[in-house]
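Colleague: Okay, handing you the structure first.
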Amino acid sequence: MMNKSRQIEVIREAFRELDRIGLQDGFYDVSERLWDMNVAAEKQHRHGHTGSPLSVKDAAKLFTCKHLLDAWQEPDKWDVGAILHIRTEVLYAQAYAKKHHSQIDMWAAKWIGPFEEVDYAELMKGAA
């Protein structure tokens, strides 16, 4: 298992590489749009809790990458009915991963393994 510092490095590096791909959906930069959605979700999740060792921004990067990687592996996992019980950012990630599947192939192949060792719960337990 990677130590916490290495996990955060993996998150940041994967996000930087994703951002450099420059995926667009016609109106938005995909990585930025997903990151914004995950920042909002993480802030809502942490409402009333202080002192989390993993920053909201890094957590949003983690989930942006993780949701895209999961969706790249299973592009048809969720259907429209899932909107009632799955977080919106997960559904957007699936739509983007499906639309840009070939564009993120190399990125996903590189990061799928390292992200199996990134553990949000462990990162939240103590300082990196």
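Colleague: Among K98, K61, K77, whose mean-square fluctuation peaks in a Gaussian network model of the chain (Cα, cutoff 10 Å)?
Modeller: Fluctuation is largest for K77.
Colleague: For R6 and E74, FRET efficiency with R0 = 25 Å and r from the beta-carbon atoms, rounded to 0.05?
Modeller: 0.40
Colleague: For Q103 and E116, calculate 0.36 nm times their separation in residues minus their Cα-Cα distance, and state this gained length in nm to one decimal. The partial results should precede the final answer.
Modeller: On the way: separation 13, 0.36 × 13 = 4.68 nm, distance 2.13 nm.
Extra length from Q103 to E116 when fully extended: 2.6 nm.
Colleague: Show me, for region 28-34, the HN-Hα J-couplings you get by feeding each phi into the Karplus relation (A = 6.51, B = -1.76, C = 1.60, θ = phi - 60°), rounded to Hz, glycine and proline as x.
Modeller: For region 28-34, the Karplus curve yields 10, 6, 4, 5, 5, 4, 5 Hz.
Colleague: For the chain, which whole percent of the accessible surface, found with a 1.4 angstrom probe, sits on carbon and sulfur atoms?
Modeller: Within the chain, the accessible surface is 53 percent carbon and sulfur.
Colleague: Something else now. Can you return the lysines within cross-link range of K43? Criterion is Cα-Cα under 23 Å, with same-chain partners fewer than 8 residues away left out.
Modeller: K4, K57, K61, K66, K125
Colleague: With every protein chain kept in place and ligands, DNA and RNA left out, what is the accessible area per residue of region 63-128? Probe 1.4 Å, answer in Å².
Modeller: 58 Å²
The values are calculated or read from the model by the stated rules, or taken from the named source; none is laboratory data. Everything numeric here is computed off the predicted structure, so don't read it as measured data. Reconstructed Cβ throughout: ideal geometry from the backbone, glycine too, with neighbour counts over all protein chains shown. Keep in mind that these areas ignore ligands, DNA and RNA; they rest on the heavy atoms of the full protein, side chains included. Shrake-Rupley method; radii C 1.70, N 1.55, O 1.52, S 1.80 Å.
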